[in-house]
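Just so it is clear, none of the values below were taken in a lab; they were calculated from the coordinates. No experiment lies behind these values; they were computed from the predicted model shown. As a convention, Cβ positions derive from the backbone with ideal geometry for all residues, glycine included, and neighbour counts pool all protein chains shown.
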């Protein structure tokens, strides 16, 4: 009986691996192509007519998608992990009032020094 159960687990594992491979090899490329062509079609249909802009290629459409994901935070480049605020809130709740005041002062000094000690930029000529 144990041998039969082991065989069904092996089959289940193999099926799951095949499904994952199908997703990677079939679904992801189709989604990639579909998103690119959808953005390209929408841009080329709307933007030249509404704003007088030029049409774009498939790869330019993907560039716009990537840029929008980066700017909206879908794709994070550098910066703090998503759980940073949660951890900071937990630490804040455990601080005494004196520790909180010290933390506020340190943050004020840090940001005030970095943003106000820079030499002023030259204005328009």
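What relative contact order, as a whole-number percentage, does the range 29-111 give when Cα pairs under 8 Å and 6 or more residues apart are counted? Reported as a whole number, the value is 19 percent.
For the peptides 30-41, 102-113, residues were scored by their other Cβ atoms within 10 Å and the scores averaged per peptide; the highest-first order is 30-41, 102-113.
Placing pseudo-labels 7 Å out from each Cα toward the beta carbon at residue 68 and residue 55 gives an inter-label distance of 1.9 nm. FRET efficiency for the pair residue 12 and residue 96, taken as 1/(1 + (r/R0)^6) with r the Cβ-Cβ distance and R0 = 41 Å, rounds to 0.15. Using the Cβ-Cβ distance between residue 30 and residue 86 with R0 set to 25 Å, the FRET efficiency works out to roughly 0.10.
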